[in-house]
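S.K.: My structure is below; once you've seen it, I'll send some questions.
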Amino acid sequence: MEKILRHIAWMTAFVSWALLSAACGKGEGCMDEIQSDNRTATLFLRTALLDKKRAFDVDKADSFVEYMYTLRIVVLHADGSVEHNVYVDFANNPQSEYFRVLEVLRNETKKIYLIANEESISSELHGKLETLAAGDNTFCGIVDECSFTPDYKKPIPMSSVYEVQFKEERLVECQFYLVRAATKFTFRFTNERENDISVDAIAISGIVRRTYLMPHKKNKEMLFEDEPLFWIDWLKKVADESQEHPDDVTLADRRGWIQDYDIPSGQTHEEVIVRFPTLVSGLTYHVNEAPTPGKEIFPVFYLPESKKLKEETQDYGEQAYKMTLHLTEKNPEKEAGVSEENEALFTESFPNLKALFRNTHVLVDVTFREKGIKVDVMPYSEVLLNPDFGL
């Protein structure tokens, strides 16, 4: 039944595209003109963000960079030459998914590249890709080793590449996903103390400055319940599962960590400090009711995928990262007109964060208690920490 419903959905969308093509001629956003013959197949391609729900979490104002503002679809023949180079500009209406119909030659294995928000990398890259016509064989040389220093105030570049074998079928349906070339950090604070606490900055150690445009993962398949899956499809399943079971602290270790990937050579792992003072109010007292703790979310921020190995002599394996919270506790007035502020740094390794591959969302819940600080990294692990400092 599920397969029947999926097929009906695909065919409904296909018919809608065909009607749209007939209605709008060669206007922007229409289906490509199809010149079908016995040598070709119709490719019905659906592209979507790997985890669409993530673009809506925490605060929409923080997530505008997570959508597709532009999308490039490049289909390569088996010899690496361009068969299709399609560019779509969504302008001021960014998307989380997109449909396209293309006519392709059958009986060959093709690579299909998806690149979103290429302008955020450079106008030079955009210019190079725009000039690639059918038959050009320089595309892989341009994008496969392309690395850049990201500016996450701009829409986040996303990419993926799939290999598809076209045989005798006249209609081929493909569902592909885009992987963000970034890691995301969300810190949520709860203050169970009487005094206000200001989170003045957050520092993350072990971060590099440059990232690849295309994922450089070594093994293309991963096991999910003993079923081998293409790694992007595996990542999609794990992302969906973590959304359904956000409190499952065993999920990451059970499913595995993506650690077999490369980052641009010559990188130095450094500490990155994000400064955005956020005041977390102390307890609010109520008559005949329990006091209410203060709650705030530090503005979401993004960092490049990194690979800070625990064992520096290895090429791949478990990684280790640290967080440092720059804090100020605002004590109430002890004397008339006199208040006191205590500054402190809280540094601790991320519990059970064993890799920082692209598209990872590190969600950290921090609770300030009268004695100590409790840190939960969800959905991966939970740990109770009691630092020995003045806060």
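The values are calculated or read from the model by the stated rules, or taken from the named source; none is laboratory data. If you're wondering where the values come from, they're calculated on a predicted model, not measured in any experiment. For neighbour counting, all protein chains shown are included, and Cβ atoms are generated from backbone atoms with ideal geometry for every residue, glycine included. What goes into the accessible areas is simple: the full protein's heavy atoms, side chains included, and nothing from ligands, DNA or RNA. Shrake-Rupley method; radii C 1.70, N 1.55, O 1.52, S 1.80 Å.
S.K.: Quote the accessible area belonging to PHE166 in square angstrom, nearest 10, computed with a 1.4 Å probe and with ligands, DNA and RNA left uncounted.
M.R.: Accessible area of PHE166: about 0 Å².
S.K.: Around PHE350, which amide H atoms from residues at least 5 apart in sequence, or from another chain, sit under 5 Å from its own amide H, with H modelled in the peptide plane?
M.R.: Amide H neighbours of PHE350, under 5 Å, 5+ apart: TYR321, LYS322, MET323.
S.K.: Please check which bits of region 183-199 a label hung off ASN342 would reach, taking the label as a point 7 Å along Cα-to-C-beta and the cut-off as backbone N under 17 Å.
M.R.: Correct set: 191-199.
S.K.: Please arrange ASP89, ASP315 by accessible surface area, largest first, computed with a 1.4 Å probe and ligands excluded. Spell out each step's value before the answer.
M.R.: Numbers: ASP89 85, ASP315 110 Å².
Sorted by accessible area, descending: ASP315, ASP89.
S.K.: Assuming R0 = 56 Å, what is the FRET efficiency of ASN137 and ARG275, from their Cβ-Cβ distance, to the nearest 0.05?
M.R.: Details: r = 47 Å, r/R0 = 0.83.
After rounding to 0.05, the efficiency reads 0.75.
S.K.: Let me ask something additional. How much solvent-accessible surface does CYS174 expose, in Å² to the nearest 10, with a 1.4 Å probe and all protein chains in place?
M.R.: The accessible area of CYS174 comes to roughly 10 Å².
S.K.: With a 1.4 Å probe and all protein chains kept in place, how do GLU83, GLU97 rank by accessible area, largest first?
M.R.: Working: GLU83 30, GLU97 55 Å².
So the residues, ranked largest to smallest area, are GLU97, GLU83.
S.K.: Output wanted: per-residue J couplings in Hz (rounded whole) for region 117-132, from phi through Karplus 6.51 cos²θ - 1.76 cosθ + 1.60, θ = phi - 60°, x for Gly and Pro.
M.R.: 6, 5, 5, 5, 7, 5, 5, 5, 4, 4, x, 4, 5, 5, 8, 7
S.K.: Still on this structure, I have one more. Go ahead and run the numbers for FRET between SER81 and GLN267, Cβ-Cβ distance against an R0 of 22 Å, rounding to 0.05. Each step should come with its number before you reach the end.
M.R.: Numbers: r = 33 Å, r/R0 = 1.48.
The pair SER81/GLN267 has a calculated efficiency of 0.10.
S.K.: On a 1.4 Å probe surface of the protein chains, which of ASP240, ASP226, ASP260 comes out largest in accessible area, and what is the full order? Please list the in-between numbers first.
M.R.: Values: ASP240 60, ASP226 135, ASP260 30 Å².
I get ASP226, ASP240, ASP260, largest accessible area first.
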